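A short write-up of the structure that comes next.
The values are calculated or read from the model by the stated rules, or taken from the named source; none is laboratory data. Computed from a predicted structure; not experimentally measured. Ideal geometry is used to build each Cβ from the backbone, glycine not excepted, and the neighbour counts take in all protein chains shown. Side chains are part of the model used for accessible areas, which takes the heavy atoms of the whole protein and leaves out ligands, DNA and RNA. Shrake-Rupley method; radii C 1.70, N 1.55, O 1.52, S 1.80 Å.
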Amino acid sequence: VGGPRRLCRLRAERKARGAALARPVAPVLAVDTVVDVGGVELGKAADRGAARAMLRRLLGRTHEVHTAHCVVWRDVERTEVVSATVRGDAVDDAAIESYLDTDEWRGKAGAYGIQDRAQSFLHLQAGAFDGVMGLHVATVRSLLARVAGERRA
């Protein structure tokens, strides 16, 4: 069906279309973020053990984070995906367990948040920090401006 980048795009579009069915008077924005390790998507960890396994997979290497943004406003729909590269330091089990103890990993793709205070082993290597967090502000502004312009045309 496609790699993680394509799947996050499809999910963002599906979310936006679903929300737009109510015929809103304003644009609808939907976003989806994925962690991509060599073409394999890491979703949200179901439990601590799954989170530990995901984090171990990310450490000592780089991976991609893709965030798809979709804006729907009546008959106009536009989508853009931003990607970033994140590097994981090689750390010991104690650092992983300390992070897991905080529960900051819960509900996050790849079992981490780049912004989490408790983790110091995952670092932005290339791309936008806010894109890794799950909402790239410049992309949202651009999409809203494009949709508004196309609606006027």
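With the Kirkwood sum run over all distinct C-alpha pairs, the chain has a hydrodynamic radius of 16.3 Å. Could you tell me how far the Cα centroid of the range 1-53 sits from the Cα centroid of the range 60-103, in Å? Cα centres, the range 60-103 to the range 1-53: 11 Å. Counting only protein heavy atoms and a 1.4 Å probe, the range 1-144 has 50 square angstrom of accessible area per residue. Only protein heavy atoms count here; on that basis, with a 1.4 Å probe, residue 25 has an accessible area of about 120 Å². For the chain, adding -39500 (n - 2.57) for each run of n ≥ 4 DSSP H residues and dividing by the number of residues yields -11500 deg cm²/dmol at 222 nm.
Take the solvent-accessible surface of the protein heavy atoms, probe 1.4 Å, and return the percent of it on the range 1-115 that carbon and sulfur atoms account for. Don't skip to the end; give the middle numbers.
Numbers: 2800 of 5630 Å².
Carbon and sulfur atoms account for 50 percent of the accessible area of the range 1-115.
What does the net charge come to around residue 77 if you take all other residues with beta carbon closer than 9 Å to its beta carbon, with K and R at +1 and D and E at -1?
Working: positive: 17, 78; negative: 13, 75.
With Lys, Arg at +1 and Asp, Glu at -1, the neighbours total 0.
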